[in-house]
Amino acid sequence: MPDDIFSSQEHNIFRNTMRRFVETELAPRAREFDEMGQVDKSIYPKMGELGLLGLRYDPRWGGAGLDWSYSTIFYEELAGCDNAGVGMGISVHTDMATPSLHQFGSDELKEKYLVPSIKGEMLSAIGVTEPDAGSDVSRIKTRAVRDGDDWVINGSKTFITNAATADWICLLTVTDPDAGYGGFSQILVPTDLPGYRYDLLDKIGNRGSDTGLLFFEDLRVPVSNTIGDPGRGFQQQMMQFQDERLLACVSSYAGALRLWEITREYAENRVLFGKPLSKMQVSQFKFVEMLTQITAAKELTLSCVRKCIAGEDATKEISMAKIFCGRMGRAVADECMQLHGGFGYMRESAAGRAFVDTRLISIGGGSDETMIHYLAKMLGF
C-alpha cells in the first residue's frame, strides 16, 4: 500500500522536481565536479530558486516549512547524481551548517545570513572537528575570548567540507574553559575576515566537494554573531548531529539502491561463458542478498523519519541506523565492484567511486565506535 507520509500528490510533485534538477544540473556535471574538487557555486542559486535549500525552515526566512518526509525524498533523489561528494557539499549547507542558525540564531543573524543561504546566494560550512577532537567533541580546543563587544578566536579545524567555498562557518568553540559542557558556544564566522585561512586536503573519495583545514588567528567577530546563548553550543551541536546522521542514512540506502540498479543493468549486458552475468546463480544470490540488506536499511531509516515527523525522540534509533547503513553501504559497494570486474576498479565506474565514497559513512558524523559507545550508555551498560 502507498505510504501517505511519503506518497501524497505534493510529495510526488516534489520528487519529480528534484529528479529533474538532478538529471539536468548535477548528473551531467558529476565528473566535472570531481575534477574541480568542489560543487560549482552556480548550482546553489538554481536550487534556491526551486525552494530546495530550506525545506524544513520557517517561510518567514524563505524556507518551505515542510517536514522530514520531503528531506527524505530530497536525499533519495540526490543519490541519482552518482557522486556522493556532490551530495556531501550540498548536505553540509542544507542540514549541517544552517540548522542551528535557523533554530537558535537571532533575527538579525537570520536576516543577514540565513535568508541569502536559503536563496543560494551564500554557502555555509560547519566547523567542529579538530586534529585532536573528532567524534569526542568535548575535546575541542579552538578558543574564543571576549574582548569588549568582540570574540577573538584562535585555533584550527580539520576535515571541513566546503572549506574553500563557504561564505560563513558555524563554528563550535570554547568560550569558558572552566565550565565543562557549558563552556562551548556556536559562533557565526564570515570567511572574509582577517585572521581566517584554509588549506585543502586530498581525500581518497567524495572528491566532488572540497574539504580542508581551517585556521583562526586573532580573528575578531562581533559577540552578536553568537548563535543562541553563550555556553549552549555543545547542546545545540548535539541536536544538529541527529539531522546529519539521519540524512547520512537516507543517502546511504538510496545510494546503495542506485548502485544495485546500475550493477544489475551491467550484469544483464555482460556476457561470460556464453550467457549474461545476471543469469549465473552466484550473481543472482549476491543481488538478492544485497537488496535484502538495502531494504532493511531503508525500513530502519524510514522508521526514524516517521518518529522525527511525529516529534518523538529518535536518538537511539538514528544511532542504530547509522551503524547499520554505513556497514551495509560499503558491503554493497564492495560486492558491486566485484561484479563489475576490472571495470569496477576504474575511477570512471560508479562502483569504483562508490567503493571509496561509502567508507565515509561509518566515520563522519560520529564513527561506528562512537555510536556503539552512546548506545551502550542508553541501554544501561
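Values as computed for the structure displayed
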| item | result |
| --- | --- |
| Lys, Arg +1 and Asp, Glu -1 on Cβ, resulting dipole of region 238-381 about Cα centre, debye, nearest 20 | 260 |
| Largest-first principal axis extents of the Cα set of region 251-381 (Å) | 57, 25, 25 |
| Simple spin-label estimate for Glu312 and Ile13 in nanometres, 7 Å along Cα-Cβ | 3.0 |
| Size of charge dipole - the chain - debye, nearest 20, with Cβ of Lys, Arg +1 and Asp, Glu -1, no other charges | 1000 |
| Magnitude of the charge dipole, region 46-205, Cβ model with Lys/Arg +1 and Asp/Glu -1, debye to 20 | 80 |
| Helical segments meeting 30 Å axial Cα length and Kyte-Doolittle 1.0 threshold in the chain (DSSP H) | none |
| Restricting region 74-126 to GluC sites (Glu not before Pro) in coil, as DSSP defines it, with at most 16 other Cβ within 10 Å | Glu121 |
| FRET efficiency for Leu50 and Glu261, using Cβ-Cβ distance with R0 set to 25 Å, rounded to 0.05 | 0.50 |
| Among 5-12, 88-95, 183-190, the order from most to least packed when residues are scored by Cβ within 10 Å on average | 88-95, 183-190, 5-12 |
| Neighbour-count order for Arg347, Arg264, fewest beta carbons within 10 angstrom listed first | Arg347, Arg264 |
| Listed residue pairs exceeding 27 Å between alpha carbons, taken from Lys41/Lys298; Lys307/Lys377; Lys41/Lys307; Lys157/Lys322; Lys286/Lys316 | Lys41/Lys298; Lys41/Lys307; Lys286/Lys316 |
| Charge dipole (the chain, unit charges on Cβ, about Cα centre) - positive-most of Ala84, Gly344, Val223 | Gly344 |
| Dipole-positive endmost among Asn16, Leu188, Thr173 within the chain (Cβ charges, Cα centre) | Asn16 |
| Free-standing Cys residues across the chain, given no other cysteine C-beta under 4.7 angstrom | Cys81, Cys170, Cys304, Cys308, Cys336 |
| Relative packing of peptides 249-255, 144-150 - highest average C-beta neighbours within 10 Å first | 249-255, 144-150 |
| Hull volume in cubic angstrom per residue (convex hull over the Cα atoms of the chain) | 143 |
| Charge-dipole axis of region 9-119 as Lys and Arg at +1 and Asp and Glu at -1 on Cβ define it, positive-most pick from Ser106, Thr72, Ser42 | Ser106 |
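We did not get these values from a lab; they are worked out from the coordinates using the rules stated. Everything quoted here is computed from the prediction, not taken from an experiment. Methodologically, a virtual Cβ is constructed for each residue, glycine included, from the backbone with ideal geometry; neighbour enumeration extends over all protein chains shown.
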